[in-house]
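Heads up: the structure comes next, in C-alpha cells.
The values are calculated or read from the model by the stated rules, or taken from the named source; none is laboratory data. Remember, it's a predicted structure, so these values are computed and weren't measured experimentally. A quick note on method: Cβ atoms are made from the backbone with ideal geometry, for glycine too, and the neighbour counts reach across all protein chains shown. To get the accessible areas, we keep the full protein, side chains included, count just its heavy atoms, and leave off ligands, DNA and RNA. Shrake-Rupley method; radii C 1.70, N 1.55, O 1.52, S 1.80 Å.
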Amino acid sequence: STAQIGVTGLAVMGRNLARNFARNGYTVALHNRTASRTRTLVEEFGGEGDFIATETAEDFVAALERPRRLVIMVKAGDPTDAVIREFAPLLEPGDMIIDGGNAHFADTRRRERELREQGIHFVGMGVSGGEEGALNGPSIMPGGPVESYESLGPMLEKISAKAADGAPCVTHVGPDGAGHFVKMVHNGIEYADMQLIGEAYQLLRDVAGYAPDRIAEIFRTWNTGRLDSYLIEITAEVLSHVDEVTGKPFVDVVLDQAEQKGTGRWTVQIALDLGVPVSGIAEAVFARSLSGHAALRDASRSLSGPKAAPLPEAEAAAFADRVEQALYASKIVSYTQGFHEIAAGSEEYGWDIDLGAVSAIWRGGCIIRAAFLDRIRAAYDARPDLPSLLSDETFAREIADAQDDWREVLVAAVRQGVPTPGFAAALAYYDALRAERLPAALTQGQRDFFGAHTYRRTDRDGSFHTLWGGDRSEVAG
Ligand code: NDP
C-alpha cells in the first residue's frame, strides 16, 4: 500500500498530526531520526488508522504515493535544513515538502527558492493549537506555491479545526514564506493577549483586592461576553487551580519569570524592519524579558514608590468592570497592530494576503481563538482595503465607549504603582493616532538642527533646511 501523506519528526507535534491524518482516513507513512519513536507510535496508536512505519529515508519516500507529500515536524532551524538535505535528493519534480515547524519566514523563503530549482514544491506551514490542536484540529497557515494547495488543501481542511460555522480553519495564505509569517504574527498577538490578561489579573489582585479564585470567577463571566476566548477560559482554569503540595493558589507558587521561544521576538524584530508600530506586542515581549532578570529585580525591590492599597469592597466591583473595558480596548489595539504588520509584510513581499481569511482561520484551533475574530473578519470582508481595524466603525465605537474606563484604570494603575505596559502602550497608540499634531514636528526640527537632515512643511511642497548656525534663514533642502 502507499501513503497519501508522510510525517517525519514524531515528537509531540508530529505524532499528533500523524494520528490526526490517520483518524481522518488517510494512510500515513511515519519516519523519525530515532526509530524507537516511530515504533512507540505504532504500538500505542496503530489501531487508530493506517500507518506505514519506516526506518530509512529511502523506505519512507518509497512508501509515499506520487506526487509525494512529506510533512516535516522537527525542531526549527538547522534540524529542518538537515532533514531537507536528507530527503530532497530522493524526491522528484512535483513532490511536496511541507514544513510544519515554527520556521522563520526568511528561512522558508530561502528553502522554497532552493527547492523550486529542483521542481519540488516547498510549503512553509504554520500550525497553531499546540499538542491538543495537532491531534484534534489545529489552525493551519500554509504558504508556498498555490498549485500545491490543490491536492494538499483538501487534506488540511479535513484535519483542521472547524470554526463555529463549520468552516475549516485553513486557507492558502500566500506564496513562499507567507504562512510562516502569519503564524509568527499570530504568536506575537498571542504574547500581547497574554500580557494584557496578566495586567488585568494584577489589577484585580492589587487594586480590587481580589483573591485568585474570585478573579477566576470574573474571568469566567468575561468569557461569556465579548472577551469569549480560549485564553480567557484557560486563565480562569489556571487561577482557580490550587497547588497540591502547599494548598496555596497555584499562581502564587509558580516562579514569576516567563519564558519565550522566539516567535514573539521575531514579530517585533520584523516589525522594526518593516517600520510597523507594534508597541503592544513589543511591550509583551519586553515584559517577559524583564520578568526573567532576577538579579536586576532583586537589586531593585527597595526602589521607592506607592504600595497598592486595595479599594473598599463597594468600589471593587465597579473597578473590575472598568478593567474589562480596558482589556477589551487594549485587545482591539493589539490586533490592529498585528494585522498592520501582516498587511505590511504582504505588501513588502508581494503575498497578497487576505486579512479577512486570516482572521477567519484563527477562529478555531489556535491559541488566540476567540469570538472576537469573527468580528475582525466581518470588518475586513466589508472593506478589504480597511486602512486599520480602528477605521472600522464598530471597533471605533467600542473603543469610544470603553475609553473613559480605560483611562480610569490606567490612572489607578499609575497612582498605585501597578505596572501596566500593555494597557498603557495601547492607549498611547490610540491617542497618537487620534492626535491632530504630534511632537514629530519638533523631532524634525532637532534633526535638522544637529544633522541638517531637512524637513517638510505643512504649507509648501519640497524639503527645507534652516541655517541654524547662521542667520537662521530657510533654504531649499
Ligand atoms: P521538537 O521541536 O522538540 O523537535 C523534536 C523532533 O525533531 C524529534 O522528532 C527529533 O528527532 C527531531 N529532530 C531534532 N533534530 C533533528 C535533526 N538534526 N535531524 C532529524 N530530526 C531531528 O518537537 P515538537 O513536536 O515540540 O515540535 C516540532 C515542530 O513544531 C517545531 O518546529 C516546533 O517549533 C513546532 N511547533 C510546536 C508547537 C508546540 O506546541 N510544541 C506548536 C506549533 C509548532 P529525534 O526523536 O530523533 O530526536
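Among the residues of the stretch 420-466, those that are within 22 Å of residue 389 (Cβ to Cβ) and in a loop (DSSP other than H, G, I, E, B) comprise 420, 435, 436, 438. Scanning the stretch 61-78 turns up no residue that is farther than 22 Å from residue 121 by Cβ, away from the ligand (no atom under 14 Å from the Cβ) and open to solvent by 20 Å² or more (accessible area, probe 1.4 Å).
Taking the conditions exactly as written (more than 32 Å from the chain's Cα centre (by Cα), more than 9 Å from the ligand (Cβ to nearest atom) and either more than 22 Å from residue 153 (Cβ to Cβ) or in a helix (DSSP H, G or I) (or both)), does residue 89 satisfy them or not? So residue 89 passes the test. Residues of the stretch 121-135 include at least one that is away from the ligand (no atom under 15 Å from the Cβ) and either in contact with a Pro (Cβ under 7 Å, 6 or more places away or on another chain) or open to solvent by 10 Å² or more (accessible area, probe 1.4 Å) (or both).
When the stretch 276-299 is limited to residues that are open to solvent by 60 Å² or more (accessible area, probe 1.4 Å) and in contact (Cβ under 8 Å) with a residue 40 or more places away in the chain, the one that is nearest to residue 199 (Cα to Cα) turns out to be 283.
Residues that are at pLDDT 95 or above, of a type in the set (Asp, Glu) and not in a loop (DSSP other than H, G, I, E, B) occur in the stretch 384-396; there is at least one. Scanning the stretch 195-246 for residues that are in contact with a strand residue (DSSP E or B) (Cβ under 9 Å, 6 or more places away or on another chain), farther than 17 Å from residue 368 by Cα and either open to solvent by 70 Å² or more (accessible area, probe 1.4 Å) or among the polar types (S, T, N, Q) (or both) yields 213, 240, 241, 242. When 54, 38 are screened for being near the ligand (Cβ under 10 Å from one of its atoms) and out of contact with any Lys or Arg (no Cβ under 6 Å at 6 or more places or on another chain), only 38 passes.
Which of (1) more than 15 Å from the ligand (Cβ to nearest atom); (2) surrounded by fewer than 17 Cβ atoms within 10 Å (Cβ to Cβ); (3) touching a residue at least 40 places away in the same chain (Cβ under 8 Å); (4) more than 18 Å from residue 266 (Cβ to Cβ) is the odd one out, the single condition residue 106 does not satisfy? For residue 106, the failing item is (4).
Scan the stretch 137-149 for residues that are of a type outside the set (A, V, I, L, M, F, W, C), in contact with a Gly (Cβ under 8 Å, 6 or more places away or on another chain) and more than 9 Å from the ligand (Cβ to nearest atom) and jot them down. Hits for the stretch 137-149 are 137, 139, 142, 143, 144.
Scanning the stretch 33-45 turns up at least one residue that is within 23 Å of residue 136 (Cβ to Cβ), open to solvent by less than 10 Å² (accessible area, probe 1.4 Å) and touching a residue at least 12 places away in the same chain (Cβ under 8 Å).
Scanning for something assigned to a helix (DSSP H, G or I), open to solvent by 30 Å² or more (accessible area, probe 1.4 Å), away from the ligand (no atom under 16 Å from the Cβ) and in contact (Cβ under 8 Å) with a residue 60 or more places away in the chain, does the stretch 163-184 turn up at least one residue? Spell out the reasoning first.
Of the residues in the stretch 163-184, the ones assigned to a helix (DSSP H, G or I) are 178-184.
Right, trim to open to solvent by 30 Å² or more (accessible area, probe 1.4 Å) and you get none.
Within the stretch 163-184 (the criterion being assigned to a helix (DSSP H, G or I), open to solvent by 30 Å² or more (accessible area, probe 1.4 Å), away from the ligand (no atom under 16 Å from the Cβ) and in contact (Cβ under 8 Å) with a residue 60 or more places away in the chain), the answer is no, since none of the residues qualifies.
Restricting attention to the stretch 1-12, the residues that are open to solvent by less than 50 Å² (accessible area, probe 1.4 Å) and within 15 Å of the ligand (Cβ to nearest atom) add up to 6.
Any residue that is polar (S, T, N, Q), in contact with a helix residue (DSSP H, G or I) (Cβ under 6 Å, 6 or more places away or on another chain), part of a loop (DSSP other than H, G, I, E, B) and open to solvent by 40 Å² or more (accessible area, probe 1.4 Å) - is there at least one of those in the stretch 251-269? Yes. Selection of first residues in the stretch 436-461 that are at pLDDT 95 or above and of second residues that are open to solvent by 100 Å² or more (accessible area, probe 1.4 Å) and not hydrophobic (A, V, I, L, M, F, W, C), restricted to Cβ pairs under 9 Å at least 6 apart or on distinct chains, gives the following pairs, ordered by first then second residue: 441/458; 444/456. Scanning the stretch 300-355 for residues that are in a loop (DSSP other than H, G, I, E, B) and open to solvent by less than 40 Å² (accessible area, probe 1.4 Å) yields 308, 351, 353. For the criterion of being out of contact with any His (no Cβ under 7 Å at 6 or more places or on another chain) and not in a loop (DSSP other than H, G, I, E, B), residue 404 passes.
Hey, any hits in the stretch 147-154 for a residue that's touching a strand residue (DSSP E or B) at 6+ places or on another chain (Cβ under 8 Å), over 30 Å from residue 99 (Cα atoms) and either of a type in the set (Gly, Ala, Ser) or crowded, with 24+ Cβ neighbours inside 10 Å (or both)? It would help to see each step written out before you state the result.
In the first step, residues of the stretch 147-154 are kept if they are touching a strand residue (DSSP E or B) at 6+ places or on another chain (Cβ under 8 Å); the result is 147-149, 151-153.
Restricting the remaining residues to those that are over 30 Å from residue 99 (Cα atoms) gives none.
No - not one qualifying residue is present in the stretch 147-154.
Under the condition of being among the β-branched types (Val, Ile, Thr) and either at pLDDT below 95 or within 34 Å of the chain's Cα centre (by Cα) (or both), the residues counted in the stretch 38-66 number 4.
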